[in-house]
Amino acid sequence: MLPVERVIGEEGLAVCQQDNGGKALRLAMRLPWYRSLPFSVVEIGPLSIDGRQIDLGDALIEYDGARWPLSENGEKVDTFWFIRDSAFLVLPSQSAEVGSSHEVSLNLFVSPPYIPGMKRTNPQTCTLTVQAA
Amino acid sequence: MATNANDTASGPQTGVTLYSFTNEFLTRQFELDTLLAEVARRGLGPNIEIIGFQNFREFPDVSDAFAERFREMIAETGLNPVSCAINSDRFLKPGQQPIEDAALVEYHKRQLRSAKKLGFSLVRYQFALPVHLLPEIAPYAEELDIRMGVEVHAPMWAGHPAVQAYGEMYDKLDTPYLGWIPDFGGTASRIPESMLDAARAKGAKEDLLDKLTEVWLEEGMSHEKAAALREWGLAHGHEPLHIQAACLAFFILSNHDPRSWAALVDRTIHIHGKFYGVSEDLVEEAIDYDTILPLFKDGGFTGTMVSEWEGHAYDMRDAFEQVRRHQAMARRIWGG
């Protein structure tokens, strides 16, 4: 897979602590393009884990010290995803044992904001071992 | 100490855009400082272009502290920051209306300020900027003392209506701060065999690639041709990912007369030496450099052609070696 195509980040899948004391799953994502883009032009999902489609209704994006609901991602016209950084998809309703392995399938759709009519699909599937964040 | 090549040049200069090293940068093999050092060590400069939104984390608004650090990198490597590629991001919400004109003008001004602060002498901008906004932006470029070149990129070429509309506005504004940046992908003679091979390696079938070649040669906008191939491909049972791999060609290459660049030489301030593969005997596989490059030398062009290897969009060849060959090819054709 080419660097400009991959969507699952090097940091993989981890269990992280939430502010409310609960736990969440956190998946690293890479931007499948050659330059940084505003988050508003990136459509995240669908996501499945071990063949099960994950409901992203309460999912959050975590990037560069900030967090926002995935449902607000389309409004992020002035928050740029730097091309070398991973962003993280946080799943408060999901959990997994540290050390367990899972098949993760993620798709990100990119609509470059200077090329009208282009929308690229970027599916990727990886087997990831859950880390402790 | 680096000098501005345009001040002393007697003919066209060579250089490189860091875009050529997209694979190496995305895979974190290099940071910006180590990539610049590698370019300098291999003698692929001194003239360079950088895409603001590729290599600068703070773009479109770089801080004074980062600008100072970047200027140190430039001083340490002896490179010459000629061109900063900026973007005309007009479609920030897919499927909705483009952003307001005033917001787009301000977006360009932010990037112009950053490019100037970083020490670049010109910016690359894009046709996604509607031509009627040029009278608002050009005076700002003059005030900052930084030139702007619109990239004539496939599917555009010298004879394209958008290029002609810009040319008319350029005549009207009559300022040396506005010019052209030809990208030779607009006058490709064929789809590179290396690109077709990459699509084959992904599993694309020959009849899809035959249809691609046929549609690619037709007139029309990139997204219309991509839609036509997508429709045909789906109807004939091809995988969506194979169709997407094939459609890449519509957005980065088009088939027009290489000699047509002659019409743009006078206002050319910089060149994207787009290429996909230069052989060991220094011939590009899809773009007729032997016809194109003499037009610029004979026309008095003394700016920089940056080598822009775009094979990284579909394979993992050694970008440094490809750039070395491309610059050697330019010297073969231009002499010196």
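Brief remarks on what is shown
- Residue satisfying all of: in the stretch A:1-21; part of a strand (DSSP E or B) and within 13 Å of chain B (Cβ to nearest Cβ); surrounded by the fewest Cβ atoms within 10 Å (Cβ to Cβ) among these: A:Glu10
- Considering B:Ala227, B:Ala154, B:Ala262, the condition of being outside the structural domain of B:Asp288 (by TED's automatic domain parsing) and either touching a residue at least 12 places away in the same chain (Cβ under 8 Å) or out of contact with any strand residue (DSSP E or B) (no Cβ under 9 Å at 6 or more places or on another chain) (or both) is satisfied by B:Ala227 alone.
- Test: residue in the stretch B:283-294 that is assigned by TED's automatic domain parsing to the domain that holds B:Val82, within 26 Å of B:Thr213 (Cα to Cα), of a type in the set (Phe, Trp, Tyr) and outside any helix (DSSP H, G or I): no
- Any hit, the stretch A:22-45, residues being away from every other protein chain (no Cβ under 14 Å), outside any loop (DSSP other than H, G, I, E, B) and either surrounded by fewer than 18 Cβ atoms within 10 Å (Cβ to Cβ) or free of Cβ contacts under 8 Å to residues at least 24 places away in the same chain (or both): yes
- The set of residues in the stretch B:59-68 that are touching a residue at least 40 places away in the same chain (Cβ under 8 Å) and in a loop (DSSP other than H, G, I, E, B) comprises B:Phe59, B:Pro60, B:Asp61, B:Val62.
Okay, residues lined up against (1) more than 13 Å from chain A (Cβ to nearest Cβ); (2) surrounded by 15 or more Cβ atoms within 10 Å (Cβ to Cβ); (3) charged (D, E, K, R); (4) under 24 Å from A:Phe82 (Cα atoms):
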{"site": "B:Ser10", "(1), (2), (3), (4)": "yes, no, no, no"}
{"site": "B:Thr17", "(1), (2), (3), (4)": "no, yes, no, yes"}
{"site": "B:Gln29", "(1), (2), (3), (4)": "no, no, no, yes"}
{"site": "B:Arg42", "(1), (2), (3), (4)": "yes, no, yes, no"}
{"site": "B:Asn47", "(1), (2), (3), (4)": "yes, yes, no, no"}
{"site": "B:Gln54", "(1), (2), (3), (4)": "no, yes, no, yes"}
{"site": "B:Thr77", "(1), (2), (3), (4)": "yes, yes, no, no"}
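- Candidate set: the stretch B:98-155, residues that are hydroxyl-bearing (Ser, Thr, Tyr) and within 12 Å of another protein chain (Cβ to nearest Cβ); chosen: the one surrounded by the fewest Cβ atoms within 10 Å (Cβ to Cβ): B:Tyr107
- Qualifying residue in the stretch A:101-110 (condition: within 23 Å of B:Gln244 (Cβ to Cβ), among the polar types (S, T, N, Q) and surrounded by fewer than 16 Cβ atoms within 10 Å (Cβ to Cβ)): no
- For the stretch B:309-321, filtered to residues that are outside any helix (DSSP H, G or I) and buried (at least 22 other Cβ atoms within 10 Å of the Cβ), the residue that is nearest to the other protein chains (Cβ to nearest Cβ) is B:Tyr314.
- Qualifying residue in the stretch B:78-94 (condition: farther than 21 Å from B:Val131 by Cα, at pLDDT below 95 and of a type outside the set (A, V, I, L, M, F, W, C)): yes
The values are calculated or read from the model by the stated rules, or taken from the named source; none is laboratory data. Values in this document were obtained by computation on a predicted structure and should not be read as measured data. Note that each Cβ is placed from the backbone with ideal geometry, even for glycine, and that neighbours are counted across all protein chains shown.
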